[in-house]
Structures are given as structure tokens and as C-alpha cells.
1. Can you work out which of the residues in the stretch B:73-92 that are under 28 Å from residue B:27 (Cβ atoms) and surrounded by fewer than 18 Cβ atoms within 10 Å (Cβ to Cβ) is modelled with the highest pLDDT?
2. Looking at the stretch B:252-285 only, could you name the residues that are assigned to a strand (DSSP E or B) and without any contact (Cβ under 8 Å) to a residue 60 or more places away in the chain?
3. Out of the residues in the stretch A:85-109 meeting the condition of being closer than 16 Å to residue B:120 by Cβ and buried (at least 24 other Cβ atoms within 10 Å of the Cβ), tell me which one is nearest to the chain's Cα centre (by Cα).
4. Restricted to the stretch B:176-189, and to residues that are touching a helix residue (DSSP H, G or I) at 6+ places or on another chain (Cβ under 6 Å) and buried (at least 23 other Cβ atoms within 10 Å of the Cβ), which residue is nearest to the other protein chains (Cβ to nearest Cβ)?
5. Quick test for you: out of B:161, B:98, pick the one residue that is more than 21 Å from residue B:265 (Cα to Cα) and more than 10 Å from chain A (Cβ to nearest Cβ).
6. Answer yes or no as to whether residue B:158 is loosely packed, with under 14 Cβ neighbours inside 10 Å and in the same structural domain as residue B:57 (by TED's automatic domain parsing).
7. Taking helices (runs of 4 or more DSSP H) that fall entirely within the stretch B:51-127, which contain at least 3 residues that are closer than 23 Å to residue B:259 by Cα?
């Protein structure tokens, strides 16, 4: 009887973990250690950085497996999202290559979210748009990173969690903007070498807490 | 109320008698295994939903252009007699409309292979400003408010209409477009015979054309240069525009040679109106082509025989298949809805 109860208990515990638990994902977008200010911008040397749009996918895997329900679209406008997640899980930046290859999905991956390229198929992993104000000059920047050709590249690992009910994802844009200014790259709208470089810089700024 | 009841009754009657659960995909034994796994497991009603979406012009920005406007079933789902595609608000595109058939045997789509997935491909014409010029918000709005779509999506998917499901249905309809009943196909299974001219044309074809256009699909569906000089007005660099690799410059997806009778003009920019012009382009006498490895050194008589063979690849059963045409029964439904 005792063994039977133990088995039931173990089954319940395992089932609970496999079914998944609602986890709150909170985005904190920052520039260095300052939270992104969309109204007044953020200081950057003698310039001020204004970020109009930051929108990106993350996805989770459990035992290396993922599916469309494991994708989440976080943005400055919708920084807090809830997703059922099977623990323990790993978190990656962007859209899983297999999901990207298979075509169109629902939920967070619905093209209605304007995160799918129509002229060259593939999900946009991240949109970052804004401008840099320096005295009297204004430099716009617009980065749409992602697309199908990234399918052969390594997954962009962010971190892992074994047990949590909420997690904060800190996205520091400073490395990306610094790289953009150094390389004088202010527009990326298609997959390719420059896009790949940018995504590696973006990846450096992402941490889970 | 009475109209709504009539609508429901009509839908019930149509679906009860017209459809089975599983769509029967017919392709002959001499075809290779399809690349798409879906082709063997299509749902009849989903194919029908895809057909309705394909012919529905309300999704374009001016509500005048549907997928079928450029991909006419009577022209093997190409746009006959139009060099470049036409779109909403009388816009003109950059390329000749490709014919649609045997898509289940293809892995990339469009002249430059921009789409790696048939389901996703439909997003391109829907939102291109030189094609249907729609926004996805508009498309979703129509899907969610149109009573016919609400009802059909519920029956097919058990859900509310959504863009991913609509794309899935469009894919199902397009996968169902199989052209495999040409004289050539019938010759292979022994129910038709070739004339001497057609047989000689087949020999000429096998020696000169089959490496890029191998039977039975008559295309590798890979990318190749057709040797045409660039059109300075269009400035289309083909596959290069997708990959950025210099070696892909001016490479275009190799088209199938089936149903050429219905798909003129030819080439990615529609610059040739007839097959003789195409063959002349590959002729050594064409100065532009002298240095090209694509030169086909055949006589004028051989060209005639080759064209006679190419005509055996036309499939009139495919062209006039009623299940590929405008779903007329929706007119009845729409009339009832409007009265309601």
C-alpha cells in the first residue's frame, strides 16, 4: 500500500513537471544599468538613444524538445507574458530553427504579430528600432534580425531554470548600439553575414535573473 | 432567420454529398516520392476551403485581385499573355507568374526560391504591394467576420479562423494540384503512342534538355542560369537577391516543361511569346548565346520535333478539372448571406 502511494505521488510529481507550469516572463530592457526610457531616451556619451521598438522571440526547450507553444514574444509594449513551461527548461533567443523551417504557426508565432518576413520566408527573431540624437543630428536605426538562413546556425542560448514561477529577462541594448556605431551599420533588414554578427552582439546583452 | 436556416441547410447538404474525409491524391507510379508528406493525407474539406480562399478577391487591398487572378486554372495556374504579374490598383510586378502544379515535389518556391515552405509562401503575394497589397490585419478581419469562413474553419479545424490556418488550407489546395495525365504520362503506361515526330522530339529532348528538365517532373526544381541578359528596367538578379552569393547571380528556379501550351509567355521575365523563340534563344546563331554553355546545337527540323514532343506534356484534364475552378457554390451562399 505504501509503495502504491509512493508510486502515485511520484506519478503526480512527474506529471506536474511534464504538463508544465504557468511561468511569468518579465522583460527588463536596459541601456547599461538604466531601464530603457522611451520618452526621454537614454544617455550615450554625448548622444541620447531613443528606442521606439524592441520586440523579440524567446523559446524554451525541455530535454531538447520544443514546439510552437514554447515560443514567447516579448516587447517594450508587452513586457510581461505568461507561458506554460515544462521544467527543467532551457531558454533560447529567437525562433527554433526547426519551427522556422516548418512554416507558419499559431499563438505567439502567428504572422499577425508582424514578425514574419513575407518576401523571404522565415521568422524575424528580433526587431530593434529607434534613433540616436547627437546635438542637431539624428541617426535612425532599424534592425530586423532573423530569417530562414539562420537555420543552420547554433541556437542562441540564454540560460536554464529548473524551478521557478517567474523570471526576469534583462536585455541590455548597449553592446548592440555600440557595435552599430563602431561599424556604422544602421539598417539590417535581411538575413546574412551582418545580420549574423548583430545577433551575436544582441545575444551578449541578454541575461535571465 | 429563415435565410440563416437556409444557409445552414445548404451547407449541410453540400458537404454531406460532396466530400469524403480524405482527399484522394492521384499521381502515377512513374512519379518519384513527393517532398511534401501532406500530399498523402489531405482533408477534402480543407482543400475546398483552400480553393475558396484562393479565388476570393476580398483579401486584396482593392478587393479585386485574388490568387486566381494571376494563377488561372485555365492556364495551368499561370497568367497567360501577361509578361509580368498584375496586382492591386493596376500595379505591375517584376516577374512572369509561375505555373502552379506538382508543388508537392518541390522544396522551394518562387523564381528566386524566396519561400522555403509552401504554407508560408502565400504570405508574399498577399502582402506584396505589387500583388494583393493586403495587410495581415485586414486579412484576419475578413476571416473572422465572414460567416462562411467562420463556419468552414470550425468544420475543418474546429477553431475560429486564423491566418496560420488559412495558410494551411491554401497549401492543401495547392498541393492538390497534380498534373500527371498528359499524353507523355499516358504513353508511359501504354494507353497512348507517340508519332514518329514526337519520338524523335523525345530523343532531341533527352540529348539536349533533360539535364535541367528531367522527366517525369521535367524540372530539377533547382536553380540555373537561362543565359538571358538582364532586363535593365527590372534589374532582377534572381537567386542572388535571396542568398547574396555572387555565384547565384541571374540564377532562377528551373520551371517544369509540363503544360507549356497554357503558360505563355515564357522565362522569368516573360520575354518570349512562343516556344520557337525560346529555342532560338538557345540556338548557336543567337549572338548573345555564343559563349554560353547553354547553347543547344539543333537544326530547325529538330526544333519542330522538339516542340511536337513538348506538346505531349500538356495535360488538358488538369486544365479543365472542375475541382480546380472557381467554387461556384459559394455564390449561392454569399447571396443568402447578403440577403440576410
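The values are calculated or read from the model by the stated rules, or taken from the named source; none is laboratory data. None of the values given here were measured: they were computed from a predicted structure. All Cβ positions, glycine included, derive from the backbone under ideal geometry; neighbour counts span all protein chains shown.
1. So the residue we want is B:74.
2. To start, the set of residues in the stretch B:252-285 that are assigned to a strand (DSSP E or B) comprises B:252-253, B:266, B:272.
Scanning the stretch B:252-285 gives a single hit, B:272.
3. A:95
4. Within the stretch B:176-189, the subset touching a helix residue (DSSP H, G or I) at 6+ places or on another chain (Cβ under 6 Å) is B:176, B:179, B:181.
Adding the requirement that they be buried (at least 23 other Cβ atoms within 10 Å of the Cβ) leaves B:176, B:179.
Working: B:176: 17, B:179: 24 Å.
Ranking the candidates gives B:176 first.
5. Being more than 21 Å from residue B:265 (Cα to Cα) and more than 10 Å from chain A (Cβ to nearest Cβ) holds for just one of B:161, B:98, which is B:161.
6. Numbers: loosely packed, with under 14 Cβ neighbours inside 10 Å: yes; in the same structural domain as residue B:57 (by TED's automatic domain parsing): yes.
Taking the combined requirement at face value, the residue satisfies it.
7. Details: elements: B:67-70, B:118-121, B:123-127.
It comes to B:67-70.
Quick grid of which residues meet (1) surrounded by 11 or more Cβ atoms within 10 Å (Cβ to Cβ); (2) at pLDDT 90 or above; (3) outside any strand (DSSP E or B):
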| site | (1), (2), (3) |
| --- | --- |
| A:5 | no, no, yes |
| A:10 | no, no, yes |
| A:17 | yes, no, yes |
| A:23 | yes, yes, no |
| A:28 | yes, yes, no |
| A:43 | yes, yes, no |
| A:50 | yes, yes, no |
| A:55 | yes, yes, no |
| A:60 | yes, yes, no |
